Each structure stands twice: as C-alpha cells, then as structure tokens.
1. Find all pairs meeting these conditions: Cβ atoms under 6 angstrom apart; at least six residues apart or on different chains; first residue within segment 337-363 and of a type in the set (V, I, T); second residue in a helix (DSSP H, G or I).
2. If I filter segment 211-226 down to residues being under 17 Å from F325 (Cβ atoms) and of a type outside the set (S, T, N, Q), which single residue comes out as farthest from the ligand (Cβ to nearest atom)?
3. Within 12 Å of the ligand (Cβ to nearest atom) and part of a helix (DSSP H, G or I): is that true of A254 in this structure?
4. Within segment 89-98, is even one residue over 20 Å from the mean Cα position of the chain (by Cα) and crowded, with 22+ Cβ neighbours inside 10 Å?
5. Select, from D288, D311, the only residue that is acidic (D, E), more than 14 Å from the ligand (Cβ to nearest atom) and under 27 Å from the mean Cα position of the chain (by Cα).
6. So, in segment 106-121, exactly how many residues are buried (at least 23 other Cβ atoms within 10 Å of the Cβ) and either on the phi > 0 side of the Ramachandran plot or assigned to a strand (DSSP E or B) (or both)?
7. Could you check, for segment 257-278, whether at least one of its residues is in contact with a Phe, Trp or Tyr (Cβ under 6 Å, 6 or more places away or on another chain) and either within 11 Å of the ligand (Cβ to nearest atom) or modelled with pLDDT under 95 (or both)?
8. When only residues in segment 292-325 that are of a type in the set (D, E) and over 22 Å from V160 (Cα atoms) count, which is surrounded by the most Cβ atoms within 10 Å (Cβ to Cβ)?
Amino acid sequence: MHKVILKPGREKSLLRRHPWVFSGAVARIDGKVSAGDTVHVTSSDGRFLAIAAVNPDANISARVWDWHEATQINTAFFHGRLEAAIGMRRTLFARKPDEAERLVHGESDGLPGLIVDRYADVVVIQISSAGCNRWREAIIEALQQITSARAIYERSDADVLELEGLTARTGLLRGELATPMVEIRENGIRLQVDVAGGHKTGFYLDQRDNRLRVGRFAAGRNVLNCFSYTGGFTLQALAHGAAAVASVDSSGDALGLARENVRLNSLPEERCEWVDADVFQHLRKLRDQNRHFDLIILDPPKFAPTAASSDRAARGYKDINLLGFKLLRPGGLLATFSCSGGVSSDLFRKIVAGAALDAGTDAQVIDQFHSTPDHPVALVFPEGEYLKGLLCRVN
Ligand code: SAH
C-alpha cells in the first residue's frame with residue numbers, strides 16, 4: 001500500500017478523526033499514485049493514522065475512508081457504508097415512497113464527496129471526490145440494490161469538482177426516465193422536481209422542515225419570498241392561508257416551475273405575484289415604493305463557500321437583511337437563512353443584529369433553523385453544518 005507521510009506534528013486533526021488531509025500537512029507521498037488510489041496516511045515517524053483516497057494534485061490531498069489498518073476498501077466496503085447511511089434514515093425517519101430525502105450526506109456519512117438524494121423512486125447522485133469517482137461503479141450498483149430505484153441519475157456538475165480535478169458528468173446511469181420531472185410530496189405539498197436541469201440534485205431538501213415551520217406563520221399574512229426557486233416556501237405559505245405571496249427569483253425557469261407547482265396543488269393562483277428579478281435590486285424598489293409585508297423570507301444562495309470569503313458574504317447578508325427589516329410592518333416576521341459554510345451561526349446572528357439596528361428596528365429571535373435531520377453533521381466534521389436560519393419578529 002502506498003503511503004502519505006505527514007510532516008512532524010501535523011497528525012493532530014487526524015487523531016481527532018477529521019477526515020481531510022490538507023496538502024500543507026503532507027511531507028511526501030511514497031510511491032507513484034494517481035487520484036483516487038487507496039493509501040495509508042502515517043505520521044512522520046511512520047505510525048498508521050488512516051486509510052484514505054489520495055488526490056496528489058488537490059488542496060485536500062487525502063480523504064479518509066476509515067481509521068483501522070485492517071479495513072479493506074472494496075465493493076463490500078461501499079455497500080456497507082451505503083446500507084448504514086440509508087438504514088439509519090429508514091429507522092429514524094421512515095420517509096414514504098412518494099417523499100424525498102437525503103440518503104447520503106458526504107463526510108458525515110463516512111463517504112467523502114458523495115451526495116445521494118431520493119426523489120420518490122428516482123435516486124440522484126453527485127460525486128465530487130476522486131476517491132468516490134474511482135469507486136463509482138461499486139457505489140451505483142450498491143445503490144441500485146439497496147434502494148430498488150426506478151432510475152439513478154447523475155448530477156456531478158458542482159463547482160467543487162474542478163478542485164478535485166474531475167470533469168462534470170451528468171445523465172442517466174440506471175433504469176429509465178421518460179421525463180426529468182419527478183413528482184414528490186413534501187409535508188403534504190406536491191412538487192415537481194427537475195432532476196436534470198434543477199439546481200444541485202434538483203431541489204433543496206435541507207430546507208424541507210423549515211418550509212413547513214415558516215409556512216405555519218403565514219395565515220392571513222402578506223408574504224414576500226425572496227430567492228424562491230421553485231416555490232418551496234411559497235407553497236407552504238399558500239397552503240397555510242397566506243393572504244398574498246410575492247415570489248422573487250432571478251431564474252425564470254424556477255419561477256415557471258413554481259407556478260406549475262401552485263396549480264398542481266390547486267392553491268389560489270390569484271394570491272400569487274411572480275417577480276423575475278435580482279433580489280438586491282428588487283428589495284430597493286419595494287423600499288422606494290413604500291411597500292410593506294408581514295412575513296419576509298430570505299433564502300439566498302451560498303455567498304461564502306469558505307471562511308476566506310466571509311467578509312464579502314457578510315456585506316451581502318447585511319444588505320438584504322437590512323432591507324428586509326425595513327420592509328416589515330410592526331409585528332412582522334423575517335425568516336432569514338445562510339447556507340454559507342464560511343459564515344458561522346454566531347457571525348450570522350451578529351450580521352442580522354447589525355442589520356436590525358441599522359434599520360432602526362427592535363427585533364426578537366422567535367425560532368432558529370438548521371438543515372433537516374437527514375443531513376446529519378458528524379461531530380468530527382463541523383464543516384458539515386452550513387445551513388442556519390433565524391425567525392425574527394419586529395416590534
Ligand atoms: N428557498 C428555496 C431555495 C433557494 S436557492 C427553496 O426553498 O427551495 C437560491 C435561489 O436564489 C435560486 O433559485 C437562485 O436562482 C436564486 N438567486 C440567486 N441569486 C439571486 C439574485 N441575486 N436575485 C434573485 N434570485 C437569485
């Protein structure tokens with residue numbers, strides 16, 4: 001077995017079982033390896049630390065598969081890991097066949113660089129590490145066996161692929177899919193998901209329960225749903241009796257699907273306004289028009305993937321939250337989210353507090369949000385906790 005030998009003293013994070021080895025910690029690699037090969041990671045004095053997938057040209061030089069020297073990385077290993085991840089969800093959540101769920105959440109399920117989402121009977125995978133890419137056939141075969149999916153579709157087209165030296169791959173891997181539109185049910189709402197053309201694997205499953213929790217506050221209210229995508233929050237708000245919902249997104253396709261979703265659920269279309277616009281500009285326009293709302297949702301895309309870009313991200317969050325607070329009527333609610341891994345919960349709360357202060361509003365936190373529990377966070381991998389949100393009420 002080839003070895004990745006660390007610099008003296010650089011084994012600390014691995015001893016705490018963090019699954020990444022950064023290139024800066026590597027003294028040398030013994031033997032000629034190519035991306036995805038299985039290696040042993042050792043300390044500078046030759047002590048075994050972990051068995052991992054190597055990627056010699058990437059910033060993350062190795063991603064750990066396991067901590068025991070005797071573990072074999074083979075087809076059975078992947079079958080076992082997938083069965084554990086999917087079995088845990090079956091035991092704890094028992095999601096119905098027509099619902100959607102995250103089946104595998106990367107590092108936190110012991111499979112670095114692998115995301116697997118189930119949309120009813122269609123499974124969508126995203127492979128973003130050289131290690132999982134090497135074992136793609138074993139992974140796909142095991143998923144087919146364990147889930148009995150009607151189709152398995154690949155959406156390995158995330159930006160992070162480039163960092164691993166992988167090229168984008170998308171398309172049908174197993175089964176048949178006459179149309180990329182898959183219907184799912186989420187907390188009683190029917191939704192069309194475009195697994196081929198939608199964002200990520202098609203839909204934002206991490207917000208499932210938050211959509212319901214926020215929707216429950218919508219009865220009789222005038223709602224503004226910013227960054228609405230295909231209408232997840234809009235639909236819950238309408239289902240809970242919102243008086244009106246304006247949905248804003250810069251993707252016309254997403255808004256089109258949101259409209260279809262409203263019709264699919266026989267919800268009142270006449271209460272909907274669809275705005276194809278940049279949220280930053282549209283919020284200013286609403287302010288200038290002196291418009292006001294009772295419930296505003298801000299669920300922007302990732303502004304800061306890493307802590308290095310958190311300054312610029314902070315300005316973005318401050319901007320939209322400040323405008324959000326200004327557009328609320330007294331007693332109004334702001335449901336505000338950040339999915340930036342580089343912005344911690346603490347920092348996000350400080351940004352929101354600063355925005356409220358600058359808007360001249362006095363606000364309380366009524367509730368706090370995280371990803372749905374089928375997006376577990378391994379305690380050794382705090383990076384897995386990226387989504388946070390606050391429900392604020394203004395006086
Ligand atoms: N709330 C959604 C998920 C939002 S994802 C849900 O529950 O499913 C972020 C959305 O923001 C995407 O739909 C993207 O098209 C949109 N977006 C990104 N930047 C934008 C901008 N500057 N103005 C408006 N929409 C934007």
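The values are calculated or read from the model by the stated rules, or taken from the named source; none is laboratory data. As the structure is a prediction and not an experimental result, all values here were calculated from the model. All Cβ positions, even for glycine, are placed from backbone atoms using ideal geometry, and neighbour counts span all protein chains on display.
1. As it stands, the answer is V343/S310; V343/A313; I351/A314; I351/Y317; I351/K318; V352/N321; T361/F325, since those pairs meet every condition given.
2. The initial filter retains those residues of segment 211-226 that are under 17 Å from F325 (Cβ atoms), namely 214, 217, 221-226.
From what's left, of a type outside the set (S, T, N, Q): 214, 217, 221, 223-224, 226.
Working: V214: 10, F217: 15, R221: 17, V223: 13, L224: 12, C226: 7 Å.
Once the filter is applied, the top-ranked residue is R221.
3. Values: within 12 Å of the ligand (Cβ to nearest atom): yes; part of a helix (DSSP H, G or I): yes.
The answer is yes for A254.
4. No - not one qualifying residue is present in segment 89-98.
5. On the way: D288 fails: under 27 Å from the mean Cα position of the chain (by Cα).
After ruling out the rest, the residue left standing is D311.
6. Of the residues in segment 106-121, 8 are buried (at least 23 other Cβ atoms within 10 Å of the Cβ) and either on the phi > 0 side of the Ramachandran plot or assigned to a strand (DSSP E or B) (or both).
7. From segment 257-278, those in contact with a Phe, Trp or Tyr (Cβ under 6 Å, 6 or more places away or on another chain) are none; that's our starting set.
Checked segment 257-278: no residue is in contact with a Phe, Trp or Tyr (Cβ under 6 Å, 6 or more places away or on another chain) and either within 11 Å of the ligand (Cβ to nearest atom) or modelled with pLDDT under 95 (or both).
8. D294
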